[in-house]
Structures are given as C-alpha cells and as structure tokens.
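A quick write-up on the structure given underneath.
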Amino acid sequence: MQDVIAFIDSNRKRFVDDLVEWVRIPSVSSDPSHAADVKRNAAHLAAHLRALGAGRVEVWPTAGHPAVFAEWLVDPTKPTLLVYGHHDVQPVDPLAEWVTPPFEPCIRAGRLWGRGVVDDKGQVYVHAKAIEAFGKTAGKLPINLKMIVEGEEEVGSVNLDALMRDHRKDLAADFVCVSDTAMFGRGIPSLCVGLRGLAYVEVFVDGPALDLHSGSFGGGVQNPINALARMIAALHGDDGRITVPGFYDKVRALTEVERKEIAALPFDEVEWLRMAGAPAVVGEKGYSTLERIWARPTLDICGITGGFQGEGAKTIIPARASAKLSCRLVPDQEPDEIVRLLQEYLAAIAPPGVRVRVENLHGGRPYLAPTDHPVFEIAKRAFSKAFGKPTIFMREGGSIPFVRTIADATGKPCLLMGFGQPDENAHAPNEWLDLENYHLGIKSAAYLYDEIGRMA
Ligand code: BES
Ligand code: ZN
C-alpha cells in the first residue's frame, strides 16, 4: 500500500486537473437543451475509465440519459465491489449568484468551485483516481471492481430500474459502495448508514375554463389558487405532523438505542442554522433536529404556480393553479403507497368548484444499512486510516434511489462513503469540493479496496 499512497500524494495536483476537465462539461440532466452535453459527459468518463485500464467499458443507453459501466476483473477468488455514482448535475440557476461561472471550475481557499464538483463528479473521480493509483503502482487492483455511473440521478433515476433489470448479471457484486453524500463535519470520516426516500408529485387544480374578470365573476366561482392554498394548509397540523391519513402507518419508530446514538453526535445546531441562513429551527414536535432530518418523514411544497405573476396588479380569477410537492420518506414507507394516500386525501379535501389531479413525478425508497455486517468495520478502518480519526456512523436526509434498489436486488450491503462537506452548496450556487477531502477520499477508497481484498 505504501507505493499506492505515495502515488496518490505525488499526483495530488494532477488528480484535480483531471477532475476540472470533466466538470467543464455542463451535464445538466433536467434541461433538455443539455442532452448532448450529458451524452458527451458520459463519453468523456468512459474514455477516462478506459485509459485507466478497465477491461470493459460501455455506455449504456436508456430511455433518457446514458449510464457508464466499467469493469476491472482481476481474480475470480477475490470479492467484487460495485461502485456507484452519477455524472449528471443540477441546474445552475440563479446564475448571477455564482462568484465564478459554474462550468469554469476554479480553485479558491483550498476548494474547487463549480457545478458538480462534489455532487457527484468529484466523488466519482475519488474512485477513478484510487483505481489509477493501483494500476500505476501494483499493476492491478486488489479486488474485482465494477463501476456504474448513471446520468439521471438528479432527475429521479426514472430509468434505473429498467437498466438494472437489463444488466442484472453485469452488476452482480459482493459489496456496493456509493460516494454521493457529505461527511458529518470537517475532518470527521463518516459512514452514512441511512437515507430517506422520496415521493414527488405535482398537484393540478383546475377551475374556470379561462382567466376571468374578478369583478364580474369573483364571489361566484371557486378560485383555484385559493382552493390550492387551503388544501396545502390542511396538510400539516399545528404540531408539525402531516395530516394525510395513513401517512405514518409504516413509519418505523426510532429505538432508544438509535436516539441515544444520534444524541451523542457532536451536532452544533447553531452552526447548522447559520448554514441554512434561517431564523429558527422548526419541525415535528417531540424530535430533535437531527432526528427530524434523518429519521422522520416530511411533506414540503417545492414550488407553486398560478395566476398573475407580472408587475403591478391584474384583477383576475385564475383558471388554474399547481404545486410541486415532495415527501421525504423513512423505513418502511413506500413511495407508491404515499402517492396513493396523497391522491385520496387531496381529492377528499378539495373544495367544491375545482377539479384536482395528482401526478406522480418520481420516487425512491428509503435505506437503512445492516451495520452488523463485517464490511462496515472494514470500511470504518479504511476511512480512519486515511483521515487519521475514528469513523462515525451517521444518516442523511437526502435520497439516492439506486441504493435501496441495488441492496434489494442483490441482498448485499451498501456502503455510503461520502466525501462532501455539510456546507458544500450542493444544488445551490457556488458548489465547492474540499480539496483535502478529495485527496483523503482517494486514499480512503484505496484503503477500502485493499481491506476488502484481504477479507477472508
Ligand atoms: N447527493 C445527493 C444525495 C444526498 C442529498 C446525499 C443530501 C446527502 C444529503 C443526490 O445527488 C441527490 O440530490 N438526490 C436527490 C434524489 C432525488 C432527485 C430522487 C435528492 O435527494 O433530492
Ligand atoms: Zn444531487
């Protein structure tokens, strides 16, 4: 391992340069005008992995954006690790808030700034560079390694199930590692052992056939925005709990042990609030902030539209209104069931005089890792070797649909070894990657491969 680590140390700068080249490609999956860029982005990664000596590299088309698959099979007696990441990135708006342009990555204050540097291109390259370090020193990896890097994670991985069905054999592995999360805090190696799931719907409320004069018709017909606002207001109680009947039925309660473990973490709520830039913490009664963001479900309006949005005043009863609504889910909630409950409840509380339709946009199931599996001790050891500190277990409130899907399909545990920082501005302007974390992440991945290679 000494020469692998030495190689990582002596190529520190070039590893950043390689990443910079990839970040320049604007692989925004949600924007159809960037479809060709997402494709070019996949091709760039495929070429890079081919240059790293993968025996097989393929770009897998989907009904949407393509995924990249690569494989280094070194020894059938060794375990096989499947590494997952995504090569698509979030949109950049509001563009004016970026200090430097999102697709012209630059280094300031020990950080690399640009869209996708940490979510998730930098974390994919953590693995690519660890693979390179073995290739250029030992000549080969200590394990069999497969990599699947999808192009639609940021838009809900809608074609992932089909892809995994079609490539079940290609994706077979003993362990799975996903690097697409943040660490608990600066310099604290953190294995993420839980993710929330997601149910995302759009609610359409239709009233009159066209925008009406509010003087001539106001008071005589239902206003779809008024109706939508009333419905949305009815989704939470004063205690912060969601009122949709059956919503909590499948929620697994936190155990006393889990609550103690969460409470023991060095969580700085003041600092967390400063990061959010919000005036106060708010949420479901009876739970701490960490419990609420990691292990309790939520219902949030992500966007709302309708009526007159122009300057000044315009007196109308709008024809329609709509809202995008997302629920973060926890074990054992099922996205499809939550969508059905939402549909039923919204239909039941719709005021007279409007038609309500709820469309299912996408979802993902929650994940809780089997931390008693020996691979978690191994991963902790690898992480700690690189960072020189004890590794902690944490959860995340975000979602990565692939994780639960692959865990269910293979029955194998999934390691969530993330190298982001809590305030990395993922999905926001001025996303950044801590370059020290990138460097130590590459070492962590190398140690992980080494440790797994020496597993009995
Ligand atoms: N890297 C995130 C997942 C994540 C978010 C991890 C927050 C840790 C904390 C990933 O790229 C992401 O944004 N996922 C989406 C998934 C959704 C579109 C199904 C999310 O969580 O909103
Ligand atoms: Zn993301």
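The values are calculated or read from the model by the stated rules, or taken from the named source; none is laboratory data. As the structure is a prediction and not an experimental result, all values here were calculated from the model. Quick reminder, even Gly has a Cβ in these numbers, built from the backbone with ideal geometry, and neighbours come from all protein chains shown. Note: accessible area is taken over every heavy atom of the protein model, side chains too, but ligands, DNA and RNA are not part of it. Shrake-Rupley method; radii C 1.70, N 1.55, O 1.52, S 1.80 Å.
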- Note on the structure: Shape call for region 266-334, from the Cα gyration tensor axes a ≥ b ≥ c (a/c under 1.5 means rounded, otherwise prolate when a/b beats b/c, else oblate), comes out oblate
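So, for region 1-103, what is the accessible surface per residue at a probe of 1.4 Å, expressed in square angstrom? Mind dumping the intermediate values first?
Working: 4720 Å² over 103 residues.
In whole numbers, region 1-103 has 46 Å² accessible per residue.
Rounded, prolate or oblate: which fits region 298-456 when a ≥ b ≥ c are the square roots of the eigenvalues of the alpha-carbon gyration tensor, with rounded for a/c under 1.5 and prolate only if a/b beats b/c? Can you show the working numbers first?
Details: a/c = 4.38, a/b = 1.98, b/c = 2.21.
Taking the square roots of the gyration eigenvalues as a ≥ b ≥ c, region 298-456 is oblate.
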- Query: Rounded to two decimals, what ratio of Rg to Rh does region 300-379 give with C-alpha atoms and a Kirkwood Rh?
  - Reply: 1.21
- Message: Give the aspartates and glutamates whose C-alpha is closer than 12 Å to that of K285, dropping any in the same chain fewer than 8 places away, or say none.
- Response: D238, D239
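Which of the residue pairs K39/K443; K250/K324; K78/K140 have a Cα-Cα distance greater than 21 Å in the structure shown?
Values: K39/K443 30 Å; K250/K324 24 Å; K78/K140 13 Å.
Cα-Cα > 21 Å for K39/K443; K250/K324; rest within.
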- Calculated from DSSP helices alone, with each H run of at least 4 adding -39500 (n - 2.57) and the total divided by the residues of the chain, [θ]222 nm to the nearest 500 comes to -10500 deg cm²/dmol
- Measure of exposure for T100: accessible area at 1.4 Å probe, Å² rounded to 10, is 30 Å²
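Rounded to the nearest percent, how much of the accessible area of region 36-116 (1.4 Å probe, protein heavy atoms only) is carbon and sulfur? Don't jump to the answer; show the numbers that get you there.
Working: 2090 of 3560 Å².
Carbon-and-sulfur percentage of accessible area, whole number: 59.
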- Counting pairs of alpha carbon atoms under 8 Å apart in space and at least six apart in sequence, what relative contact order in percent does region 173-291 give? 17 percent
- How much accessible area does L212 have with a 1.4 Å probe, in Å² rounded to the nearest 10? 20 Å²
- Message: Taking R0 as 30 Å, what FRET efficiency do you get between A456 and Q2 from their Cβ-Cβ distance, rounded to the nearest 0.05?
- Response: 0.80
- Query: Between R40 and R12, what FRET efficiency comes out of the Förster formula 1/(1 + (r/R0)^6) with R0 = 35 Å and r the beta carbon distance, rounded to 0.05?
  - Reply: 0.80
- Task: At 7 Å along the Cα-to-beta-carbon direction for both L95 and F267, put a label point, then send me their distance in nm to one decimal.
- Result: 3.9 nm
- Query: In nanometres, what is the gap between the two model label sites at E344 and D332, each 7 Å from Cα along Cα-to-Cβ?
  - Reply: 1.8 nm
- Counting DSSP beta bridges with both ends in region 64-182, the antiparallel % (nearest 5): 40 percent
- Fraction of accessible area attributable to carbon and sulfur, region 128-268 (%, probe 1.4 Å): 52 percent
- Message: Please give me the summed charge of the neighbours of V4: other residues whose Cβ is under 15 Å from its Cβ, Lys and Arg +1, Asp and Glu -1.
- Response: +2
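Rounded to the nearest 5, what % of the DSSP beta bridges within the chain are antiparallel ones? Let's see the in-between values first.
Working: 50 of 71 bridges.
Around 70 percent antiparallel, to the nearest 5.
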- Query: If you take the square roots of the eigenvalues of the alpha-carbon gyration tensor of region 207-312 and sort them as a ≥ b ≥ c, do you get rounded (a/c under 1.5), prolate (a/b over b/c) or oblate?
  - Reply: prolate
- Protection proxy ranking of 101-109, 372-380 - average other beta-carbon atoms within 10 Å, highest first: 372-380, 101-109
- Message: Under the rule of at least 5 residues apart or a separate chain, name every residue whose amide H is placed under 5 Å from the amide H of H236.
- Response: T243
- Query: Between region 403-456 and region 162-238, what is the C-alpha centre distance in whole Å?
  - Reply: 25 Å
- Task: Could you state how much accessible area H213 has, in square angstrom rounded to the nearest 10, with a 1.4 Å probe and all protein chains kept in place?
- Result: 100 Å²
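Please compute the per residue accessible area over region 240-332 with all protein chains in place, 1.4 Å probe, rounded to a whole number of Å².
Numbers: 5390 Å² over 93 residues.
Averaged over the residues of region 240-332, the accessible area is 58 Å².
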- Item | Alpha-carbon radius of gyration plus Dmax, which is the widest Cα pair, for region 386-456 in Å | 14.6, 46
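If contacts are Cα pairs under 8 angstrom and at least 6 residues apart, what is the relative contact order of region 1-91 in percent?
Working: 93 pairs, mean separation 23.6, N = 91.
Averaging sequence separation for qualifying contacts and normalising by length gives 26 percent for region 1-91.
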- To the nearest 0.05, how large is the calculated FRET efficiency for D372 and R259 if R₀ is 25 Å and r is the Cβ-Cβ distance? 0.85
- Task: Run the accessible area of region 309-456 with a 1.4 Å probe and give the carbon-and-sulfur part as a rounded percent.
- Result: 49 percent
- Query: Ordering D268, D239 from largest to smallest accessible area (1.4 angstrom probe), what's the sequence?
  - Reply: D268, D239
- Task: Return a whole-number percent for the relative contact order of region 335-456, with Cα pairs under 8 Å and 6 or more residues apart as the contact set.
- Result: 29 percent
